[in-house]
1. In whole percent, what relative contact order does region B:2-63 give with Cα contacts below 8 Å and a gap of six or more residues?
2. Whole angstrom only: what separates the Cα centroid of region A:227-274 from the Cα centroid of region A:121-187?
3. Can you give me the span-like helices of chain A, meaning DSSP H runs with 27 Å or more of Cα extent along the axis and Kyte-Doolittle mean at or above -0.5?
4. Among A:GLY36, A:GLY259, A:GLY72, which one shows the highest mean-square fluctuation when chain A is modelled as a Gaussian network with alpha-carbon springs under 10 Å?
5. To the nearest whole number, what is the average tally of beta carbon atoms from other chains within 10 Å of the beta carbons of peptide A:46-57?
6. Determine the sum of side-chain charges near A:THR19: Lys and Arg each +1, Asp and Glu each -1, restricted to other residues whose C-beta is under 12 angstrom from that of A:THR19.
7. Please compute the modelled spin-label separation between A:SER264 and B:ASP22, points set 7 Å along Cα→Cβ, answer in nm with one decimal.
8. How long are the semi-axes of the ellipsoid equivalent to region A:116-240, from square roots of 5 times the Cα gyration tensor eigenvalues, in whole Å, largest first?
Amino acid sequence: MSVPSGVVVVGASAAGLATAEALRRKGYRGEVSVVGAEPHLPYDRPPLSKQVLSGAWAPERARLRTEEALAGLRAEFVLGDPAVALDAAARTVRTASGRVLGGDAVVVATGLRARRLPGQDGLSGVHVLRTLDDALALRAELRESVRLVVAGEGVLGAEIAATARGLGAEVTMAGPQPAPLAAQLGPMVADLLAGLHAERGVALRLGTGVTGLTGQDGRVTGVRLGTGEVLPADVVVVAIGAEPATGWLAGSGLRVADGVVCDSRCRAAEGVYAVGDVARWEHATLGSLRLENRTNAVEQALAVADNILGAERHYSPVPYFWTDQFDARIHVYGLPSAAAEVSVVEGDPAGRRFVALYREDGRVTGVLGWNMPKQARLRRQELVEALTPAL
Amino acid sequence: MKVTVDEEKCCGAGQCVLLAPDVFDQREDDGIVVLLDAAPSEELHATVREAAAVCPAAAIDVDESA
Ligand SMILES: Cc1cc2nc3c(=O)[nH]c(=O)nc-3n(C[C@H](O)[C@H](O)[C@H](O)COP(=O)(O)OP(=O)(O)OC[C@H]3O[C@@H](n4cnc5c(N)ncnc54)[C@H](O)[C@@H]3O)c2cc1C
Ligand code: SF4
């Protein structure tokens, strides 16, 4: 493939920005435009449930780059103007305001949209957390003693519960799993997380799904559980997962199946790529994969930039994410699961400082460090060996 | 090239160390980044730029003019 004369990136966050930056670092001199639905300059999402929600950081601190650095990119940022259609064959993108941007390459980096509960949109006091505006709206309601129910016991729900508790809110976490992150990290670590949350005063109402909300005069009053019970609430956060933001791709000619379906080089169609949370691609050893984490957004962007410039790079990373909850900083490599056998290889879970290995069928599938980041990273090599395709 | 790190932003991911072990390390106790070489030599520049890009906490700043 020849070097494209112009690249249109849709999505102005971690993955989209990293793609534009990587193209420039690799010496690409053609036109680059970056289209973003939000009016803000690119900012980072992980602090939204941590330092921004707690108020430790002013929102500006979550900015990914200074204005100066962005100007140095020589890219056109079209912000506050979401893409509404893509013609994959012609490689043109149309925005809500009616602009049409064309390029030889188009990069889909539109991330995720938070899932909602039925009836949520008509009620005040109910929040999701995906954007900076979401974080500021939630923070404005989190006062001492306010009754907050977090619907969702995944990584986002658990982080929000921890941060809100730190602000003095009366927090209840509800969700169908027996303990926070149980499906993702397995019972051993999930039980430790449950213990940590309980010890810090988060009420855990786990093991039953959330089915809906109750309200009065347009304001939320509670969260209804599968058992019929209602947990009273002044404020509710719905953290029940998110879906790839692919609605705007209807009629584009791209295949969408829980993400934009790509080959092993992150290519969705000739000259069209997907990157970050929205991308589903073929990993050499892990098969069809879509990752929702911050490191993947950038690592995949580097691969996509290479491939736009004519490389034939297959993208097969070691998945990695971290999460902060109270004083626990947890680093996770690979894909642990509830089915894996877990063994502690360093430290001591009772002392809340350890590294655990996850194994399935005798192969290492995950490495988890709990307040042992460096030691966990050193163990990552065992995973690299297990993830390298057999020749 | 002048490299600076923001310890307060760093989440201890160690992605920088994986890429450029001559320039970055991590503290043993909490994994926070340790800058080994604030003015890395020319042949390391490309890797250091990549490490700054990959850092999931946007904690590494590279000043090219220095
Ligand atoms: C609160 C929170 C905490 C997190 N914490 C962690 C963590 O601790 N560790 C970790 O590894 N990961 C964490 N993540 C995940 C991480 O932030 C994501 O993996 C990362 O942001 C993905 O980047 P992305 O660019 O692919 O998608 P996004 O960051 O979702 O960006 C997509 C962008 O595209 C825009 N967009 C959507 N539709 C359109 C359209 N039609 N036209 C134009 N633009 C559009 C959106 O407005 C958005 O700005 C967290 C996420 C959240 C929300
Ligand atoms: S990659 Fe970034 S967050 Fe990770 S240790 Fe290095 S500086 Fe810290």
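Every read-out reported here was derived from the displayed coordinates using simple, explicitly stated rules and does not represent laboratory data. Quick caveat, the model's predicted, so the values are computed rather than measured. Here the Cβ is made from the backbone with ideal geometry for all residues, glycine too, and neighbour counts use every protein chain on show.
1. Here the relative contact order equals 45 percent.
2. For region A:227-274 versus region A:121-187, the Cα centre distance is 21 Å.
3. Both cut-offs are met by no helix.
4. Highest fluctuation of the listed residues: A:GLY72.
5. So the per-residue partner count for this stretch is 1.
6. With Lys, Arg at +1 and Asp, Glu at -1, the neighbours total 0.
7. Using points 7 Å along Cα→Cβ, the separation is 3.2 nm.
8. In descending order the semi-axes read 22, 16, 13 Å.
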